[in-house]
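S.K.: One structure is given below, represented as structure tokens, and several questions about it will come after.
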Amino acid sequence: MQQCSPPARARRGEVTKGDEVSDAMSSSRNLGDSFNEYFELLPALDDDTRNEVYRIRHEVYCRDLGWEPLQPNGMERDDFDDQSVHCLLRHRATGEPVGCTRLIMADAENPQALLPVEESCAEVLDRRIVDPAQLPRHTVAEVSRLAVMRNFRQRKGESQSAASLTEDDFQSRGQQARFPYIPVSLYFGAAAIARRLGREHVLVLTEPRLAAHFARLGVHIQRIGGSIEHRGERVPSLFLTSQFAPGLRPLVRTLYDLIERDIGAHFDAHGG
């Protein structure tokens, strides 16, 4: 049997668990089945699971990146957590935490209470495209606090990023294509939760190139304002949950359908 030489980054000693998993999964033609073999994505619907999310955020935002102060209890939280549904990604074989994100629900009973992106981007939102304040608040949510543990994150250029998508994530290696399962699955999880909860208008503060990266998958994320400085250049963006899944490319749709099915099963099991 012909033995393949390892990728260049392996020879340089730069391989992380994220690279190993991505490489192992890259040969699969069914992204959903391949993802399911390695990962478990679930909504955090009880205190133990939510605390696991807060510990991931503390490890990434506080210890690794220094964006938030260290906490004695080892959990990073803020005022928006109580109005959020959190999403947790685990490594299936070991149960090891991989990453997390959250979906913050706009408060329908208090329309004046703004979401984080509405506050931080108040001066740059292009309200000719969409004015979040004029949307029915029970349909509005925001994806935020996406974080990936260092062992699954630290590729070139990611040491100062909680999670990211780059051009390298979509490059081919020989006849195989790399696919960024971890960040994509977390966004897909947030979208599936939003759809489950009837939140049609989902805001997200993103890197400027995120929309272009997601367009390759068939996801339409619309930029709705100018850029701000927030741990790097960021732009306010919006996607609609009713248009999220139908536009996905067939290969990618298998991944979203799996995630949506599993998210729904967890909600059903918790009576939600």
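S.K.: What's the total number of residues in segment 242-258 that are without any contact (Cβ under 8 Å) to a residue 60 or more places away in the chain and either open to solvent by less than 10 Å² (accessible area, probe 1.4 Å) or of a type in the set (Phe, Trp, Tyr) (or both)? Before you say what the answer is, go through the steps one by one.
M.R.: Pass one, segment 242-258, residues without any contact (Cβ under 8 Å) to a residue 60 or more places away in the chain: 242-250, 253.
Narrowing the set further to residues that are either open to solvent by less than 10 Å² (accessible area, probe 1.4 Å) or of a type in the set (Phe, Trp, Tyr) (or both) leaves 244-245.
Of the residues in segment 242-258, 2 are without any contact (Cβ under 8 Å) to a residue 60 or more places away in the chain and either open to solvent by less than 10 Å² (accessible area, probe 1.4 Å) or of a type in the set (Phe, Trp, Tyr) (or both).
S.K.: Inside segment 93-113, can you point out the residues that are open to solvent by 10 Å² or more (accessible area, probe 1.4 Å) and part of a strand (DSSP E or B)?
M.R.: 97, 105
S.K.: Report the residue count in segment 53-103 for those that are over 27 Å from residue 113 (Cα atoms), over 16 Å from the mean Cα position of the chain (by Cα) and among the aliphatic types (A, V, I, L, M).
M.R.: The qualifying residues number 3.
S.K.: If you take the residues of segment 134-157 that are at pLDDT below 95 and surrounded by fewer than 18 Cβ atoms within 10 Å (Cβ to Cβ), which of them is nearest to residue 237 (Cα to Cα)?
M.R.: 157
S.K.: Report whether or not residue 50 is surrounded by 15 or more Cβ atoms within 10 Å (Cβ to Cβ), in contact with a strand residue (DSSP E or B) (Cβ under 7 Å, 6 or more places away or on another chain) and outside any strand (DSSP E or B). Before the answer, list the steps.
M.R.: Values: surrounded by 15 or more Cβ atoms within 10 Å (Cβ to Cβ): yes; in contact with a strand residue (DSSP E or B) (Cβ under 7 Å, 6 or more places away or on another chain): yes; outside any strand (DSSP E or B): yes.
Yes, satisfied.
S.K.: Here's a follow-up. Answer yes or no as to whether residue 122 is assigned to a helix (DSSP H, G or I), without any contact (Cβ under 8 Å) to a residue 24 or more places away in the chain and surrounded by 13 or more Cβ atoms within 10 Å (Cβ to Cβ). Can you show your working first?
M.R.: Details: assigned to a helix (DSSP H, G or I): no; without any contact (Cβ under 8 Å) to a residue 24 or more places away in the chain: yes; surrounded by 13 or more Cβ atoms within 10 Å (Cβ to Cβ): yes.
Criteria not met by residue 122.
S.K.: Regarding residue 60, is this residue over 21 Å from residue 194 (Cα atoms), touching a residue at least 60 places away in the same chain (Cβ under 8 Å) and in a helix (DSSP H, G or I)?
M.R.: Details: over 21 Å from residue 194 (Cα atoms): yes; touching a residue at least 60 places away in the same chain (Cβ under 8 Å): yes; in a helix (DSSP H, G or I): yes.
Considered against the rule, which asks whether it is over 21 Å from residue 194 (Cα atoms), touching a residue at least 60 places away in the same chain (Cβ under 8 Å) and in a helix (DSSP H, G or I), residue 60 comes out as yes.
S.K.: Restricting attention to segment 80-92, does a residue exist that is of a type in the set (Phe, Trp, Tyr) and open to solvent by 20 Å² or more (accessible area, probe 1.4 Å)?
M.R.: So the first thing to find is which residues in segment 80-92 are of a type in the set (Phe, Trp, Tyr), and the list is 80.
After this cut, where a residue has to be open to solvent by 20 Å² or more (accessible area, probe 1.4 Å) as well, the list is 80.
Yes, because at least one residue in segment 80-92 is of a type in the set (Phe, Trp, Tyr) and open to solvent by 20 Å² or more (accessible area, probe 1.4 Å).
S.K.: Are any residues in segment 217-245 part of a strand (DSSP E or B) and over 23 Å from residue 197 (Cβ atoms), and if so, which ones?
M.R.: Residues satisfying the conditions are 223, 225, 228, 229, 233, 234, 235.
S.K.: In this structure, does residue 261 turn out to be part of a helix (DSSP H, G or I), surrounded by 15 or more Cβ atoms within 10 Å (Cβ to Cβ), on the phi < 0 side of the Ramachandran plot and without any contact (Cβ under 8 Å) to a residue 60 or more places away in the chain?
M.R.: Taking the combined requirement at face value, the residue does not satisfy it.
S.K.: Further question: Condition (residue is modelled with pLDDT under 95 and surrounded by fewer than 17 Cβ atoms within 10 Å (Cβ to Cβ)) applied to segment 195-206: is it met by at least one residue?
M.R.: Looking through segment 195-206, none of the residues is modelled with pLDDT under 95 and surrounded by fewer than 17 Cβ atoms within 10 Å (Cβ to Cβ).
The values are calculated or read from the model by the stated rules, or taken from the named source; none is laboratory data. Since the structure is predicted, the reported quantities are computational estimates derived from the model, not experimental observations. Counting neighbours? That spans all protein chains shown, and the Cβs are built from the backbone with ideal geometry, glycine included. Heads up: the accessible areas ignore ligands, DNA and RNA and are worked out on the full protein's heavy atoms, side chains in. Shrake-Rupley method; radii C 1.70, N 1.55, O 1.52, S 1.80 Å.
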